[in-house]
Amino acid sequence: MTEPTNQTETATQVREALLCAARVCFLSSDFDKVSIRQIADEAGVNMAMIRYYFGNKLGLFEAMMIEHLKPVIERSKLIRTTDTKSIMADIINDFHQTMSATPEFPRFLFRLMNSEGSMEVKAVVFKLFTPLANLIPMPKPLLEKCTGTDPMLVKMSMMSLMVFPYIIPAPMAELHGFKLDSDFYTKLTQHNIKLLEQGLFGEQD
């Protein structure tokens, strides 16, 4: 950590170090197996700082999740007031940018939600993803333009296209000739947007 110039900078550095360390620790192991001491050691700070800034390990976990999902969460707040076709592209693009920055994150979520771990941790995930679940596939005025489609099936199609590429086992991807790198995810994202828009809206303006 760099030498701070004042207390505000010190607080910011400590908090950011803890969030970064939490992401490293939680993504590489089960929540229940990660200790406060382990996170503090990874961050290079006293473990009392976790209690000071976040209250406890669960509070730090939630803060880490919010920080990581911030772009998608902020987009969801803006999208609620519009009914343009760009909504779908915005959702998929933001999800891609957030997940491709840390490909381990969606795999971590998949592992967490399928585990027998803490229900409190899963409750945090549900709380953060509920606004997104209510938003997807898109606002009602736009869905009404998609004649002959079931909104719930549209949602599942979007979720499948958005999530599966990030959780597919690497050996399976290699078997089919996919190289799971940033360039691949970017191209796939644009392809999926085009695929969905043409499938749902055809040549509509």
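Shown in residue order for region 88-93 are the 3J(HN,Hα) couplings computed by the Karplus curve 6.51 cos²θ - 1.76 cosθ + 1.60 at θ = phi - 60°: 4, 5, 4, 4, 5, 5 Hz (x for Gly and Pro).
Placing +1 on the Cβ of every Lys and Arg and -1 on the Cβ of every Asp and Glu, with no other charges, gives region 1-55 a dipole of roughly 140 debye about its Cα centre. Please go through the residue pairs K33/K122; K57/K127; K127/K187 and name each one whose alpha carbons sit more than 20 Å apart in this structure. Over 20 Å apart, Cα to Cα: K127/K187.
Every read-out reported here was derived from the displayed coordinates using simple, explicitly stated rules and does not represent laboratory data. Keep in mind the model is a prediction, meaning the values are calculated, not measured. Here the Cβ is made from the backbone with ideal geometry for all residues, glycine too, and neighbour counts use every protein chain on show.
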